[in-house]
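Asker: This is the structure I want to talk about, given as structure tokens.
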Amino acid sequence: MSELPIATIGRIIKNADANIRISEDSKEALGKVLEQCGEDISKQAILLAKHAGRTTVKAVDIELAIKEIG
């Protein structure tokens, strides 16, 4: 089960096209992918913060991590 709320994931999909039905399994599948992507970004952001000599991850670390991964 996803740690992200299923209703939130459903709204994310709905925002892409408000006139479509969404199955529960598609919400769960997207939740798993989003969680994995978030974990990958977080790991890279932590490495960047440590490299900068900080123990706090900042928004700039997240932004740089996304650029490096993406």
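The values are calculated or read from the model by the stated rules, or taken from the named source; none is laboratory data. Note that the structure is a prediction, hence the values are computed from the model and not measured. Neighbour counts run over all protein chains shown; Cβ positions are idealised from the backbone, glycine included. Surface areas here come from the heavy atoms of the whole protein model, side chains and all, with no ligands, DNA or RNA. Shrake-Rupley method; radii C 1.70, N 1.55, O 1.52, S 1.80 Å.
Asker: Return a single number: how many Lys pairs in the chain, at a sequence separation of 8 or more or on separate chains, have alpha-carbon atoms below 21 angstrom apart. Don't jump to the answer; show the numbers that get you there.
Answerer: Values: Lys14/Lys27; Lys14/Lys32; Lys32/Lys43; Lys43/Lys58; Lys43/Lys67; Lys50/Lys58; Lys50/Lys67; Lys58/Lys67.
Final tally of qualifying lysine pairs is 8.
Asker: Carbon and sulfur: what percent of the chain's accessible surface (1.4 Å probe)?
Answerer: Details: 3080 of 5370 Å².
Result for the chain: 57 percent of the exposed heavy-atom area is carbon or sulfur.
Asker: Oh, and also: Can you give me the long-range amide H partners of Lys58? Hydrogens built in the peptide plane at 1.01 Å from N, cutoff under 5 Å, separation of 5 or more residues or another chain.
Answerer: It is none; the list stays empty.
Asker: With +1 on each Lys and Arg Cβ and -1 on each Asp and Glu Cβ, how big is the dipole of the chain about its Cα centre, in debye rounded to the nearest 20?
Answerer: Values: 10 positive and 11 negative charges, 48 e Å.
Here the chain has a charge dipole of around 220 debye.
Asker: Gaussian network model of the chain, Cα springs within a sub-10 Å range: biggest mean-square fluctuation belongs to which of Ala16, Ala52, Ala29?
Answerer: Of Ala16, Ala52, Ala29, the Gaussian network model singles out Ala16 as fluctuating most.
Asker: Sticking with this structure for a sec: Counting heavy atoms of the protein chains only and a 1.4 Å probe, report the per residue accessible area for region 1-59 as a whole number of Å². Before the final figure, lay out the partial values.
Answerer: Values: 4500 Å² over 59 residues.
Solvent-accessible surface per residue comes out at 76 Å².
Asker: Checking the a/c ratio against 1.5 first, then a/b against b/c, what shape does the Cα gyration tensor give for the chain?
Answerer: Judged from the Cα gyration tensor, the chain comes out prolate (a/c at least 1.5, a/b above b/c).
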